[in-house]
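One structure is given below, encoded as structure tokens.
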Amino acid sequence: MTIAEPSPAIDTLLATRLRNAQPALWTSPARQAQPAAALPALGRAISLDDTHAAAARLARFAGLLAQVFPELAATGGVVESPLLPAAALAPALGLAEGQGRLFIKADHNLPVAGSIKARGGMHEVLEFAEGLAQQHGLVLPGGDYRALATPQAREVLGRYQVAVGSTGNLGMSIGVVASALGFQATVHMSADAKEWKKDRLRQRGVLVVEHAGDYERAVAAGRAEAASNPLCHFVDDEQSFSLLLGYSAAALHLQKQLAEQGVAVDAEHPLIVYLPCGVGGAPAGITFGLRQVLGPHVHCFFAEPVQSPCFMVQMMAGPGEHPSVYDWGLTNRTEADGLAVPRASLLAAELMRPLLSGVFTVADDTLFAQLVRVLDALGERIEPSAAAGFSGPALLTGTTAGQAWLRSTGIDAVLHNATHLVWTTGGLLVPEAQYQGFVQRGRAVLAAQG
Ligand SMILES: *Cc1c(COP(=O)(O)O)cnc(C)c1O
């Protein structure tokens, strides 16, 4: 295997840190303040209309979801998370007075799937079901989708299969939703996937296929198997528009939540969003939506484990290149199972080129320390993957690279008015014993730091 040499344009200091698995920050030279309203990605252009269509689809299914999932009865089938003020956490993150307000977007508590994957995964399964409902006349045009819960409709859907490859959380989302609608569901799990996630799926009647290889292998195996079955829909995490647009719908709700909490987003009041990144679909979908609805003064950064910075190496690569983290001499081994991806989605990367502000990496020990800080300051329970964003504010305000970026954007002059929003992406369904293990490791890391 060859070790990638950075192109001369890439900061050699950054390349060294990346290769040595040290936390690093890359900021984008290609971000555009005013990108086109419709952006090309993998041969198709998408726009805010597509985001609205995804949100409308989720709304059409709300009645059915409330019926199928008891945990959604209270919200009438709406799957959303709160925007939580997090000032109590700011000092522990190294965010000083005068450096902006702190919020978290609490997708760690998203019902049904227990992670951000509820957004994209649910949307793609519902889109597939909607197509079949029309094809088989299961629901009248404009009719009530609760008709899909009848035994006759379930019998029709049960002839079809939904398959996916996953490190765990996408499988949980797709598997649970697909089986609840009556589909046959198959989840191809990579070696990173945790036992409790597989158990939970099997209990719901989902077929779990275990693979010894990494995420890419699990996806490839699922794709190959699905290709041989015309009644199988494969959810392709590496290139699915439906997933990405499902994630993007989060932006419409967040826009309302920001307004309700009196958070302005303009030149005087920049919003900086920190999103954990695996293959890139979830953070790219959300970034796409946020840039469309909030404009040039929202800045999105992706956060990855130091051993799995697939999106960073993709953004640093030249046209036509598709590097993996192995090419950089990294292992793709991380406790952040939701982020253990060796090669980024090209769909997400292409879409992000003009939209993204930067990418940073985080050591595993730091993920556990941040998980404990979040528990102690806010009482919120997150999983290690979901902690990746919390290093963002200090990286921007406290490192040379971050400060240079703040100056280059002019944000340094209005930092006191800025809002930092850390997206927490999973945790609700983590079993107690596992969670206590995370907390123990985090407390040990913090104690060692003194
Ligand atoms: C999947 C996942 C992400 C990132 O989503 P991608 O689409 O893979 O980039 C972030 N956090 C958690 C907890 C996840 O499960």
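The values are calculated or read from the model by the stated rules, or taken from the named source; none is laboratory data. These numbers come from a predicted model, not from an experiment. Ideal geometry is used to build each Cβ from the backbone, glycine not excepted, and the neighbour counts take in all protein chains shown. Keep in mind that these areas ignore ligands, DNA and RNA; they rest on the heavy atoms of the full protein, side chains included. Shrake-Rupley method; radii C 1.70, N 1.55, O 1.52, S 1.80 Å.
Counting only DSSP beta bridges with both residues in the chain, what percent are antiparallel, rounded to the nearest 5? Let's see the in-between values first.
On the way: 11 of 46 bridges.
Counting DSSP beta bridges with both partners in the chain, the antiparallel share is about 25 percent.
So for each of 358-366, 279-287 I average, over its residues, the number of other beta carbons within 10 Å; can you give me the resulting order with the highest mean first?
Details: 358-366: 23.1, 279-287: 29.7.
The most tightly packed comes first, giving 279-287, 358-366.
Given the rule -39500 (n - 2.57) for each run of at least 4 DSSP H residues, summed and divided by the residues of the chain, what is its mean residue ellipticity at 222 nm, to the nearest 500 deg cm²/dmol? Each step should come with its number before you reach the end.
On the way: 18 runs with 189 residues, N = 450.
Mean residue ellipticity, 222 nm, calculated: -12500 deg cm²/dmol.
In degrees, nearest 10, range 0 to 90: what is the angle between the Cα axis of helix 48-60 and the longest Cα principal axis of the chain?
The two axes meet at around 50 degrees.
Please compute the Kirkwood hydrodynamic radius over the stretch 117-242, one decimal place, Å, based on all pairs of different Cα atoms. Could you put the intermediate results ahead of the total?
On the way: mean 1/r = 0.0688 Å⁻¹.
14.5 Å is the Kirkwood radius here.
How long is the gain from D11 to S408 if the chain were fully straight, where each residue apart is worth 0.36 nm and the alpha carbon distance is subtracted?
Full extension from D11 to S408 adds 141.3 nm.
How big is the accessible area of K256 in square angstrom, nearest 10, if you roll a 1.4 angstrom probe over the protein chains?
Roll a 1.4 Å probe over it and K256 shows about 130 Å².
Which value, in Å² and to the nearest 10, is the accessible area of L294 when all protein chains are kept and the probe is 1.4 Å?
About 30 Å², rounded to the nearest 10.
Can you give the extra length, in nm with one decimal, that the chain gains between H269 and V439 once fully stretched, where that is 0.36 nm per residue apart less the Cα-Cα distance? Write down the numbers at each step before the final one.
Details: separation 170, 0.36 × 170 = 61.20 nm, distance 3.50 nm.
In short, 57.7 nm is gained.
Excluding ligands, DNA and RNA, what is the solvent-accessible area per residue of the chain at a probe of 1.4 Å, expressed in Å²?
37 Å²
Name the shape class, rounded, prolate or oblate, that the alpha-carbon gyration tensor gives for the stretch 323-450, where a ≥ b ≥ c are the square roots of its eigenvalues, rounded holds for a/c under 1.5, and otherwise prolate holds if a/b is larger than b/c and oblate otherwise. Display every interim value, and only then the final one.
Numbers: a/c = 1.82, a/b = 1.23, b/c = 1.48.
Oblate, because a/c is 1.5 or more while a/b does not exceed b/c.
Rounded to the nearest percent, how much of the accessible area of the stretch 168-249 (1.4 Å probe, protein heavy atoms only) is carbon and sulfur? Walk me through the intermediate numbers first.
Working: 1440 of 2900 Å².
Using a 1.4 Å probe with all protein chains present, the stretch 168-249 comes out at 50 percent carbon and sulfur.
Looking at this model, which pairs from K105/K194; K105/K256; K117/K198 are more than 18 angstrom apart at the alpha-carbon? If you can, show how the numbers build up before the last one.
Values: K105/K194 25 Å; K105/K256 13 Å; K117/K198 16 Å.
Correct reply: K105/K194.
Which angle from 0 to 90°, rounded to the nearest 10, does the C-alpha axis of helix 364-378 make with the longest principal axis of the chain?
It is inclined by approximately 80 degrees.
Hey, if we sort R291, R200 by accessible area with the 1.4 Å probe, largest down, what's the order? Let's see the in-between values first.
On the way: R291 15, R200 60 Å².
From most exposed to least exposed: R200, R291.
Sequence neighbours fewer than 8 away in the same chain don't count; with that in mind, list the aspartates and glutamates whose C-alpha is under 15 Å from K197.
E210, E335, D337, E383, E432
In nm, what is the difference between 0.36 nm times the number of residues separating E97 and L140 and their Cα-Cα distance?
Details: separation 43, 0.36 × 43 = 15.48 nm, distance 5.68 nm.
Taking E97 through L140 to full extension adds about 9.8 nm, to one decimal.
When a/c is below 1.5 the answer is rounded, else prolate if a/b is larger than b/c, else oblate, so apply that to the stretch 231-381 with a ≥ b ≥ c taken from the square roots of the Cα gyration tensor eigenvalues. Working shown, then result.
Numbers: a/c = 1.59, a/b = 1.21, b/c = 1.31.
Oblate is the answer for the stretch 231-381, as a/c is 1.5 or above yet b/c matches or exceeds a/b.
How much of the accessible area of the stretch 1-150, in percent, comes from carbon and sulfur atoms when a 1.4 Å probe is used? Working shown, then result.
Details: 4040 of 7050 Å².
Roughly 57 percent, rounded to a whole number.
What is the stretch 27-102 by shape, rounded, prolate or oblate, if you read a ≥ b ≥ c off the alpha carbon gyration tensor as root eigenvalues and call it rounded for a/c under 1.5, prolate for a/b larger than b/c, and oblate otherwise? Please report the intermediate quantities before stating the final value.
Numbers: a/c = 3.62, a/b = 1.14, b/c = 3.18.
The shape class here is oblate.
Please give the solvent-accessible surface of F438 in Å², to the nearest 10, using a probe radius of 1.4 Å with every protein chain present.
30 Å²
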